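Report on the following structure.
The values are calculated or read from the model by the stated rules, or taken from the named source; none is laboratory data. On a predicted model such as this, the values are computed, not experimentally measured, just so you know. Neighbour counts are summed over all protein chains in view; Cβ atoms, including those assigned to glycine, are modelled from backbone coordinates with ideal geometry. To get the accessible areas, we keep the full protein, side chains included, count just its heavy atoms, and leave off ligands, DNA and RNA. Shrake-Rupley method; radii C 1.70, N 1.55, O 1.52, S 1.80 Å.
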Amino acid sequence: MPKTILCFACLLCLASAALANPEVPGTPQKKPIAIKNATIHPVSGPVIAGGTIVFDKGKIVALGKEVAIPADAETIDAAGKQVDPGLFDGLTDLGLVEINSIRATIDGQEVGQLNPNVRALVAVNPDSEIIPVTRANGVLLALTAPYGGLMSGRSAVIQMDGWTYEDLALGGDAGLHIQWPQYGGGGRGRRGGAPPDEAGSSRAEQAIMQLHQALADARAYGAARKANPSTPRDARWESLQDVLAGKLPVIVHADDVRQMTAAVAFAQQEKLKLILAGGYDARACLPLLKKHDVPIIIGGTYRLPRRRGDAYDAAYELPAALHQAGIRYCIATQGRFGASNVRNLPYHAAAAIGFGLPADEALKAITLYPAQILGVADRVGSLEAGKDATLFIADGDPLDTPTQVTAAWIRGRTVELNDRHKRLYHKYEQKPVGQASGLP
């Protein structure tokens, strides 16, 4: 029996190694680094042509046209290139799902309807092959979130480099995710088209009542614990206390206008801090969103119309519409293939430029705005003295497809830009042209 257990453990280790990426995480910054002669995009301020940025001990020290470079600094001449803050995807399941079609690699959903105590961060796989692929395109930050049920659990902002999930974490939990019920039936990811029906509306109302009851139970639990600290602890209700206190936002996934308006009413009634994710029909309720200052995490611009009568470019135009209305928003890549396509984040923003969004706003939508909405703008999202040195050098505009990222840092740590895609490319570069396959 002991030999059998040992063999089984070895096989598990081999399987894990096969799925792990071989890129070594960066080491803490040992001396100052200065990037000079670059076109610097601080995002929070005007572009600095021919500028210099200096960072030390993982923090940005200074940037501008005239910056003193420390004598012991490593100097990088970035003439003809530009420096940008790390791109930030505001809604993914990165690190929770490796291959969408293989159940054993999926860890984004817990059993049951109410799981407010589930934490996505502790389930993140730091050895995911998708992480190096993603950061190679300048996406250095992401919100990774659970899904499924009504209360799916808590999301976290992660950095794309580290040995453990603690290394990847940028602060604590970012928000509690609620999957708002569909009116008229349909499940997660369903595209509309069917009109609401009585049975579907009834199920939705029952689900909403279940959410109200959960919050009422959590309030009662909190009052009981305050009155008598010896009251038995309940992990679910304990995890809702900071939500009820307004310290942690509720991120409600909703695309349909009925879902969105109901979610806003729910948040007002329960006095919750609300963020909407998805937001396909946001243009139908702009005054309501503006009145209650509800930010939108747009679930990507590469989306098909939800209804037969929708314009083909409805999703492409949404960022510009929110910008013009003064609604806080950011662009994410939530979509059909999940984490595998987070690397395409800059192109979601680029598509919005072609449909009315100013170019500088498009860059903010995938850098500063998600940082502000998710409460980490004091550390990331723009290039400013005192913020984390999470940035990259590229040979052109990162929103242009041909652009290549040539160097990157996360909190001052040099990031390895090799990945599975590049390894396979170089492998098949070596294959002799016309080599026989050996098949009859």
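Residue-level analysis places ILE106 among those that are under 19 Å from the mean Cα position of the chain (by Cα), of a type in the set (A, V, I, L, M, F, W, C) and open to solvent by 30 Å² or more (accessible area, probe 1.4 Å). Residue pairs whose Cβ atoms lie under 9 Å apart, separated by 6 or more positions or on different chains, with the first residue in the range 68-80 and without any contact (Cβ under 8 Å) to a residue 40 or more places away in the chain and the second open to solvent by less than 70 Å² (accessible area, probe 1.4 Å) and assigned to a loop (DSSP other than H, G, I, E, B), are ILE69/PRO32; PRO70/PRO32. Here is a check on your reading of the model: is ILE178 open to solvent by less than 10 Å² (accessible area, probe 1.4 Å) and either at pLDDT 95 or above or outside any loop (DSSP other than H, G, I, E, B) (or both)? Against the criterion (open to solvent by less than 10 Å² (accessible area, probe 1.4 Å) and either at pLDDT 95 or above or outside any loop (DSSP other than H, G, I, E, B) (or both)), ILE178 qualifies.
Got at least one residue in the range 215-228 being surrounded by 14 or more Cβ atoms within 10 Å (Cβ to Cβ) and either assigned to a loop (DSSP other than H, G, I, E, B) or in contact with a Ser or Thr (Cβ under 7 Å, 6 or more places away or on another chain) (or both)? Yes, the range 215-228 contains a residue that is surrounded by 14 or more Cβ atoms within 10 Å (Cβ to Cβ) and either assigned to a loop (DSSP other than H, G, I, E, B) or in contact with a Ser or Thr (Cβ under 7 Å, 6 or more places away or on another chain) (or both). Within the range 130-145, the set of residues being part of a loop (DSSP other than H, G, I, E, B) and either at pLDDT below 95 or polar (S, T, N, Q) (or both) comprises just one member, ASN137.
Going through (1) touching a residue at least 12 places away in the same chain (Cβ under 8 Å); (2) in a loop (DSSP other than H, G, I, E, B) one by one, PRO402 falls short only on (1). Against the test of being small (Gly, Ala, Ser) and within 19 Å of the chain's Cα centre (by Cα), the options ALA332, ALA311 yield a single qualifying residue, ALA332.
Residue-by-condition table, conditions (1) buried (at least 22 other Cβ atoms within 10 Å of the Cβ); (2) in contact (Cβ under 8 Å) with a residue 24 or more places away in the chain; (3) among the hydrophobic types (A, V, I, L, M, F, W, C); (4) out of contact with any helix residue (DSSP H, G or I) (no Cβ under 7 Å at 6 or more places or on another chain):
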| site | (1), (2), (3), (4) |
| --- | --- |
| THR27 | no, yes, no, yes |
| LYS31 | no, yes, no, yes |
| ILE35 | yes, yes, yes, yes |
| THR52 | yes, no, no, yes |
| PHE55 | yes, yes, yes, yes |
| GLY58 | no, yes, no, yes |
| VAL61 | no, yes, yes, yes |
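Scanning the range 246-261 for residues that are in contact (Cβ under 8 Å) with a residue 40 or more places away in the chain and more than 20 Å from LEU318 (Cβ to Cβ) yields LEU248, PRO249, VAL250. When the range 235-287 is filtered for residues that are out of contact with any helix residue (DSSP H, G or I) (no Cβ under 7 Å at 6 or more places or on another chain), surrounded by fewer than 19 Cβ atoms within 10 Å (Cβ to Cβ) and of a type outside the set (Lys, Arg), the ones remaining, listed by number, are ALA235, GLU238, ASP242, ALA245, GLY246, ALA265, GLN268, GLN269, PRO287.
Residues are listed down the side, and each one gets a yes or a no for (1) out of contact with any strand residue (DSSP E or B) (no Cβ under 6 Å at 6 or more places or on another chain); (2) within 23 Å of LEU318 (Cα to Cα); (3) charged (D, E, K, R):
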position: ALA359; (1), (2), (3): yes, yes, no
position: ILE366; (1), (2), (3): no, yes, no
position: ILE373; (1), (2), (3): no, yes, no
position: VAL376; (1), (2), (3): no, no, no
position: LEU383; (1), (2), (3): no, no, no
position: LEU391; (1), (2), (3): no, no, no
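For the range 338-386, the tally of residues that are assigned to a loop (DSSP other than H, G, I, E, B) and crowded, with 24+ Cβ neighbours inside 10 Å stands at 8. Look at the range 313-333: where a residue is in a helix (DSSP H, G or I) and crowded, with 17+ Cβ neighbours inside 10 Å and a partner is modelled with pLDDT of 95 or more and basic (Lys, Arg), sitting 6+ places away or on another chain with Cβ atoms under 9 Å, you get ALA314/ARG283; GLU317/ARG283; LEU318/ARG283; ALA321/ARG283; LEU322/ARG283; LEU322/ARG328. Taken together, the criteria exclude LEU114 from residues that are hydrophobic (A, V, I, L, M, F, W, C) and buried (at least 23 other Cβ atoms within 10 Å of the Cβ).
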